[in-house]
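A.B. asks: Quick one: the structure is below, questions incoming.
The values are calculated or read from the model by the stated rules, or taken from the named source; none is laboratory data. These figures come from a predicted structure and were not determined experimentally. All Cβ positions, glycine included, derive from the backbone under ideal geometry; neighbour counts span all protein chains shown.
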Amino acid sequence: MAPQYQINADRRYSIACVGGGIGGLCTTIGLLHQGVPVEIYEAAPAFAEIGAGVSLGPNAARAMQLIDPAIYEGFLKCATNNAWPEQQHSWFTFRKGQDNTSKFGTKILDLWCETGQSSVHRARFLDELVALVPKEIAHFGKALQDIEDKGDHVILHFADGTTAKHSAVIGCDGVKSRTREVLLGKEHPATKPSFSGKYAYRGLIPMEDAAALMGDELARNSQMFMGQGGHILTFPIERGQTMNVVAFGTKEDGQWEDPEWVKPMNREAMFEDYSGWTEATQQILSMMQKPDIWALFDHPPAPTYTKARICILGDAAHASTPHNGAGAGQAIEDALCMSRVMRLVYDAADISRAYAAFDQIRRPRSQRQVQIARDSGWLYDLQLPGYMDDWEKIKELLQTKQKWVWDHDLEADVREAERVFREETARL
């Protein structure tokens, strides 16, 4: 049963949240927690996530607690960490994936992280978030087609022929966001996501099978095998019952022509990609269950996340490759900033200024994450200019590159967004 939120009767507006993924649900819960009237519209017939494991770092953990402690409690219910006590603060153990002097590849370093490799199965975490959303504000089968800005309100048009009237809209509708298209315009060069040059084979292995192959230490604690043109990562999910495997590769021509971004995997092509890698990585790949291949797209930097009564956040605003383990965390940071600045809004006329404050604070950091995530993919694949296969330089960068993501002062961001909103509102 969802909590009973107290919507502030003095707020003379309502918000439409489009998209029911992690970003959309965290935003909706955050707004409700602040007494802001909101309804959520999801294109699918029910809230659902695709994919398996998703990593959430210390910054995401702090953001969840600051939005609503109930979100963090839900996360803890389904979070999985490294199994060994001495690995609780390891993000990944980095290894040389093509070093055949060792079955498991020479270890480069253990990267320390406050929360370690803390991951959830997307669908399980989504279930926890859904439990915090009152059923009466959730609408399904609502694929957004268009948004009409009427000046003092917006009209949302859905593919099923229905409409909805709200004071403003927040688009959380993912990498293929229709809200982004409406906001920027179909012809804007930043509207459509671009192929990053990377793809990923994803699959699962029962942990008992993985442990029999790799031994408990490597199977039950997160590993990353780095090599020329690709890298393979493994980490436990589902309370240690399953090993999540993601093997990344490089598309040499840099093109992805297929309209489908997720496809059944060609095992022969996968084994060809990792020919000559360590014995352990070959065995891991051979054991993957339910495998598929994902093309990895991200967004060119948008010049703005808002226009009048429309705003975008999460993957709709700054979809990124997964190489920093930070995409979902950035959406949760967005939800924190949005819900906190919107708590200051009582009149619909002030929504656009709240959106502008959100844009000013969140756009630089989230777009930087997109670029650095791309660079991380090239780093792990020994293709980053200036580093390539120089292992000493790679090790040095690995030790520091995540700090700006994990150690960021989110409360300072919130204070700054609130200050920007207050000053702009007072000026008018």
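A.B. asks: What are the residue pairs meeting all of these: first residue in the stretch 367-385, first residue on the phi < 0 side of the Ramachandran plot and of a type in the set (Val, Ile, Thr), second residue surrounded by 20 or more Cβ atoms within 10 Å (Cβ to Cβ) and not in a loop (DSSP other than H, G, I, E, B), Cβ atoms under 9 Å, and 6 or more apart or on different chains?
C.D. replies: Taking only residues 6 or more apart or on different chains, the pairs are Val370/Asp298; Val370/His318; Val370/Gly327; Val370/Gln330; Ile372/Val405.
A.B. asks: Any chance you could count how many residues in the stretch 149-165 are in a strand (DSSP E or B), farther than 22 Å from Met338 by Cβ and not β-branched (Val, Ile, Thr)?
C.D. replies: At the first step, the residues of the stretch 149-165 found to be in a strand (DSSP E or B) are 149, 154-158, 163-165.
Still in the running and farther than 22 Å from Met338 by Cβ: 157-158, 163.
Checking which are not β-branched (Val, Ile, Thr) leaves us with 157-158.
Qualifying residue count, the stretch 149-165: 2.
A.B. asks: Say whether the condition of being under 24 Å from the mean Cα position of the chain (by Cα), farther than 25 Å from Val154 by Cα and touching a residue at least 24 places away in the same chain (Cβ under 8 Å) is met by at least one residue in the stretch 333-348.
C.D. replies: Taking every residue of the stretch 333-348 in turn, at least one turns out to be under 24 Å from the mean Cα position of the chain (by Cα), farther than 25 Å from Val154 by Cα and touching a residue at least 24 places away in the same chain (Cβ under 8 Å).
A.B. asks: Please verify whether the stretch 1-15 includes one or more residues that are in contact (Cβ under 8 Å) with a residue 12 or more places away in the chain, buried (at least 23 other Cβ atoms within 10 Å of the Cβ), part of a loop (DSSP other than H, G, I, E, B) and not aliphatic (A, V, I, L, M).
C.D. replies: No, the stretch 1-15 contains no residue that is in contact (Cβ under 8 Å) with a residue 12 or more places away in the chain, buried (at least 23 other Cβ atoms within 10 Å of the Cβ), part of a loop (DSSP other than H, G, I, E, B) and not aliphatic (A, V, I, L, M).
A.B. asks: Sticking with this one: Find all pairs meeting these conditions: Cβ atoms under 7 angstrom apart; at least six residues apart or on different chains; first residue within the stretch 409-421 and touching a residue at least 40 places away in the same chain (Cβ under 8 Å); second residue not in a helix (DSSP H, G or I).
C.D. replies: Between residues of the stretch 409-421 that are touching a residue at least 40 places away in the same chain (Cβ under 8 Å) and residues that are not in a helix (DSSP H, G or I), the close pairs are Glu418/Leu344; Phe421/Leu344.
A.B. asks: Quick one: which of Gln117, Gln145 is more than 30 Å from Phe235 (Cβ to Cβ) and not charged (D, E, K, R)?
C.D. replies: Of Gln117, Gln145, the one residue that is more than 30 Å from Phe235 (Cβ to Cβ) and not charged (D, E, K, R) is Gln145.
A.B. asks: Against the conditions (1) farther than 15 Å from Ala357 by Cα; (2) within 22 Å of the chain's Cα centre (by Cα); (3) assigned to a helix (DSSP H, G or I), where does His408 fall short? Just the number, please.
C.D. replies: In the conditions (1) farther than 15 Å from Ala357 by Cα; (2) within 22 Å of the chain's Cα centre (by Cα); (3) assigned to a helix (DSSP H, G or I), His408 misses (3) alone.
A.B. asks: Checking the structure you have, find out if any residue of the stretch 166-178 is in a helix (DSSP H, G or I), under 23 Å from the mean Cα position of the chain (by Cα) and within 28 Å of Glu260 (Cβ to Cβ).
C.D. replies: Yes: one or more hits.
A.B. asks: OK, next. Identify, from the list Ile372, Ile361, the residue that is among the β-branched types (Val, Ile, Thr), under 30 Å from Trp112 (Cα atoms), touching a Cys at 6+ places or on another chain (Cβ under 7 Å) and assigned to a helix (DSSP H, G or I).
C.D. replies: Testing whether each residue is among the β-branched types (Val, Ile, Thr), under 30 Å from Trp112 (Cα atoms), touching a Cys at 6+ places or on another chain (Cβ under 7 Å) and assigned to a helix (DSSP H, G or I) leaves just Ile361.
A.B. asks: Have a look at Ile232, Ile237 and point out the one that is more than 30 Å from Leu144 (Cβ to Cβ) and in contact with a His (Cβ under 6 Å, 6 or more places away or on another chain).
C.D. replies: Criteria check complete, one pass: Ile237.
A.B. asks: Sticking with this one: Scan the stretch 184-197 and give yes if some residue there is within 24 Å of the chain's Cα centre (by Cα) and assigned to a helix (DSSP H, G or I), otherwise no.
C.D. replies: yes
A.B. asks: Ok, one more. Count, please, the residues in the stretch 40-60 that happen to be crowded, with 20+ Cβ neighbours inside 10 Å and within 20 Å of Leu336 (Cα to Cα).
C.D. replies: Of the residues in the stretch 40-60, 8 are crowded, with 20+ Cβ neighbours inside 10 Å and within 20 Å of Leu336 (Cα to Cα).
A.B. asks: Scan the stretch 359-374 and tell me whether some residue there is in contact with a Lys or Arg (Cβ under 8 Å, 6 or more places away or on another chain) and surrounded by fewer than 21 Cβ atoms within 10 Å (Cβ to Cβ).
C.D. replies: yes
For (1) surrounded by fewer than 21 Cβ atoms within 10 Å (Cβ to Cβ); (2) not assigned by TED's automatic domain parsing to the domain that holds Arg343, each residue gets a yes or a no:
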site	(1), (2)
Ile67	no, no
Ala70	yes, no
Phe75	no, no
Trp91	no, yes
Lys96	no, yes
Asp99	yes, yes
Ser102	yes, yes
Lys107	yes, yes
Trp112	yes, yes
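A.B. asks: Now for a separate question. Please find, among Gln283, Gln371, the residue that is in contact with a helix residue (DSSP H, G or I) (Cβ under 9 Å, 6 or more places away or on another chain) and either within 28 Å of Met265 (Cα to Cα) or of a type in the set (Lys, Arg) (or both).
C.D. replies: Values: Gln371 fails: in contact with a helix residue (DSSP H, G or I) (Cβ under 9 Å, 6 or more places away or on another chain).
Answer to the check: Gln283.
A.B. asks: Right, next: Which one of Val120, Val169 is surrounded by 20 or more Cβ atoms within 10 Å (Cβ to Cβ), of a type in the set (Val, Ile, Thr) and closer than 21 Å to Pro45 by Cα?
C.D. replies: Only one candidate qualifies: Val169.
A.B. asks: Based on what the data block shows, is Tyr5 at pLDDT 95 or above, of a type in the set (Phe, Trp, Tyr) and not assigned by TED's automatic domain parsing to the domain that holds Gln289? It would help to see each step written out before you state the result.
C.D. replies: Values: at pLDDT 95 or above: no; of a type in the set (Phe, Trp, Tyr): yes; not assigned by TED's automatic domain parsing to the domain that holds Gln289: yes.
No, not satisfied.
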